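Working notes for the structure below.
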Amino acid sequence: MILYPAIDILDGQAVRLTRGDFTQRTVYRDSPLEAARAWVQEGARFLHIVDLDGARTGTPANLEHVERITAELAVPVQLGGGLRTLPAVRDALRSGAERVILGTAAYTDIDFLDDVLGAFRERVIVSVDTRGGKVSTSGWQETTQIPGEHVIERLQQRGVRSFVYTNIDRDGMLEGPDLDEVRRIAGVVRGRFLYSGGIGSLDHLRALVALRQVNLGGVIVGKALYEGRFTVREGQRAID
């Protein structure tokens, strides 16, 4: 398993939202590059970057920050937010991203998903973000009535093999993951997935490891790192 420090970019700054609410933001670094450099110096093996402006508008808005990070730091990144067209995905990969994370468009535009998988299959992850177990779209601004498991099953039928699963209700709350939910999602995913949502302590990481789900490939952590609950190195050691 790998610990993925999260860098969420909004208005050119590294921020964290609470439960996906754009009005409840905390600015942790004025520069996303500063945040990335700090995590790499602490031993990060991979970075998770989300273009929140892009997620909200549907068009990537912060690729220049990704270019700076990938040009200066020798650690791979995965990037999501606003990637809803094939040209946008290409631009994200050209910016230096190792992998791209698709959201809304993967559920709503079958032709788009097929085109992206056909061109970049091994570099594609689909993010399944839920409130109350139901999928949220459009940068977490809209919630459907579709259970997350159903979306995962449908996407797998179309060839998706890698996922990020986020519990938005727990995001930024530091109260820990829903272990039963993680176990349930692991039972549905036939490839691999990363978990995000509510990690606030090393014990939370150890609890995920104790589930012994071989398809859980990593954990995305943001607020707990920014607020010094533990370091990247300590977190990685807990899940190694």
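In segment 1-134, inverting the average of 1/r over every pair of distinct C-alpha atoms gives 15.0 Å as the Kirkwood radius. The residue among Thr57, Gly132, Ala210 whose Cα reaches farthest toward the positive pole of the charge dipole of the chain, with charges on the beta-carbon of Lys, Arg, Asp and Glu, is Ala210. Would you kindly derive the ³J(HN,Hα) couplings of segment 78-92 from the backbone phi angles with the Karplus curve 6.51 cos²θ - 1.76 cosθ + 1.60 (θ = phi - 60°), listing them in order in whole Hz, with x for Gly and Pro? Running phi through 6.51 cos²θ - 1.76 cosθ + 1.60 with θ = phi - 60° gives 10, 10, x, x, x, 8, 10, 9, 4, x, 5, 5, 4, 4, 5 Hz.
Both the radius of gyration and Dmax for segment 127-228 are 13.1, 41 Å, in that order, over alpha-carbon atoms.
Let's test the formula: R0 of 25 Å, r as the Cβ-Cβ distance of Arg158 and Asn215. What FRET efficiency results, to the nearest 0.05?
Working: r = 18 Å, r/R0 = 0.73.
Efficiency for this residue pair is about 0.85.
Binning the alpha carbon pair distances of segment 182-240 at 5 angstrom intervals from zero yields the distribution 4, 19, 32, 23, 14, 7, 1, expressed in whole percent.
A simple spin-label model places pseudo-atoms 7 Å from Cα toward Cβ; at Ala207 and Arg45 they are separated by 2.3 nm.
Packing, as the average of other Cβ atoms within 10 Å across residues, places the peptides 152-160, 1-9 in the order 1-9, 152-160, highest first.
Approximating the spin labels as points 7 Å out from Cα along Cα→Cβ, the Gln24-to-Arg68 distance works out to 2.9 nm. Computed over the chain with a Gaussian network model linking Cα atoms closer than 10 Å, the most mobile of Val135, Val209, Val15 is Val209. Just the protein heavy atoms count here, and of the accessible area of segment 32-116 at 1.4 Å, carbon and sulfur take up 46 percent.
Loop-located chymotrypsin sites (Phe, Trp or Tyr not before Pro) in segment 60-124 (DSSP state other than H, G, I, E, B) with a sparse environment of at most 16 neighbouring Cβ atoms within 10 Å are absent.
Think of segment 168-229 as a dipole: +1 on every Lys or Arg Cβ, -1 on every Asp or Glu Cβ, centred on the Cα centre; then among Val188, Tyr226, Gly200, Val188 lies furthest on the positive end.
The values are calculated or read from the model by the stated rules, or taken from the named source; none is laboratory data. Please read all numbers here as calculations on a predicted model, not as lab measurements. We place every Cβ from the backbone using ideal geometry, glycine too, and count neighbours over all the protein chains shown. These accessible areas exclude ligands, DNA and RNA; they are computed on the full protein's heavy atoms, side chains included. Shrake-Rupley method; radii C 1.70, N 1.55, O 1.52, S 1.80 Å.
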